[in-house]
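> Sharing a structure with you now.
The values are calculated or read from the model by the stated rules, or taken from the named source; none is laboratory data. Quick caveat, the model's predicted, so the values are computed rather than measured. No Cβ is skipped: glycine too gets one built from the backbone with ideal geometry, and neighbour counts run over all protein chains shown. Note: accessible area is taken over every heavy atom of the protein model, side chains too, but ligands, DNA and RNA are not part of it. Shrake-Rupley method; radii C 1.70, N 1.55, O 1.52, S 1.80 Å.
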Amino acid sequence: MAKIKPNDLLKKPSKIEKMELDQIDISKYQFSIDDLEGKDSSNYILLKKILDSSSSCQVSDAYASVSGRSGVLDGLKPMNRNKVYGRVFTAKTNTNDWGTSLMAMDNASQGEVLFIYSYGDKASVWGELASTCAGEKGIAGTILYGYARDMDALIDLDYPVYALDYCPNAGKALGLGKVDIVLEIGEDIIKPGDFVFADENGVVLIPQELFGETMVATFNVKVKESFIIKELKKGRLLSEIIGLER
């Protein structure tokens, strides 16, 4: 997620930004993952509006309606309270080699999310210094299918980090792993350029070819939930609103 620059505060809100989601005709839009890079396009503005207000629960529900799968990557949890979304840049390394994490950082583009798969004995491949450097470079966040450390610092940093867990020990800066490759973790396949969405609920991966459909479905999930909340505040029962037969 891009940081707000001083000049951005001077820009007038667009028509889309002023509208509630249920006022927007989503049938007029066809999204591509490339729209995440079109800062001034109406597609980008609407995508940002949807994603900034969404949760991983809603994105997972939307993806399930499109694919029949949840998209949830099991075991991953936030190391701080920073939400992140964007295209992934992948890396794979042994837990004894945190140097590959730096290789991934050096090769990733601004706005991308690092997805690092580490295997081997329990050891960290990411911490405070890497997070600080990545944040300065404009990388959106880091997701570790492995371990982080420096939790005393990470918890207060304005840089999203997700991991299986944390531990204090680390290996060496060897740089013997691989970057920008397809990852296979159990039944999950993570390809460079796929879309990831992560918050306090967990991490959801969307294949880039299903990004557009999933974003439309996420919009519809949000509009439906907004309607339900309004009806609940009128005193109706949730079972009644959703048509649950008892």
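> Can you tell me which residues in region 53-64 are open to solvent by less than 20 Å² (accessible area, probe 1.4 Å), of a type in the set (Gly, Ala, Ser) and out of contact with any Asp or Glu (no Cβ under 8 Å at 6 or more places or on another chain)? Give the derivation first.
Kept after step one, since they are open to solvent by less than 20 Å² (accessible area, probe 1.4 Å), are these residues of region 53-64: 54, 56, 59-60, 62-63.
With the extra rule that they be of a type in the set (Gly, Ala, Ser), the set shrinks to 54, 56, 60, 62.
Once the filter is applied, which keeps residues that are open to solvent by less than 20 Å² (accessible area, probe 1.4 Å), of a type in the set (Gly, Ala, Ser) and out of contact with any Asp or Glu (no Cβ under 8 Å at 6 or more places or on another chain), region 53-64 yields Ser54, Ser60, Ala62.
> Cβ contacts < 6 Å: first residue more than 19 Å from Leu129 (Cα to Cα), restricted to region 87-103; second residue open to solvent by 10 Å² or more (accessible area, probe 1.4 Å) and basic (Lys, Arg), any location; separation 6+ or different chain. Result?
Lys92/Lys178
> Any idea which of (1) more than 17 Å from the chain's Cα centre (by Cα); (2) open to solvent by less than 10 Å² (accessible area, probe 1.4 Å); (3) of a type outside the set (Gly, Ala, Ser) is the one Asp194 doesn't satisfy?
Asp194 satisfies every listed condition except (1).
> A further question on this structure: Residues that are closer than 24 Å to Ser32 by Cα and open to solvent by less than 10 Å² (accessible area, probe 1.4 Å), at least 1 per element: which strands (runs of 3 or more DSSP E) completely within region 65-128 meet that?
Answer list for region 65-128: 84-94, 113-119.
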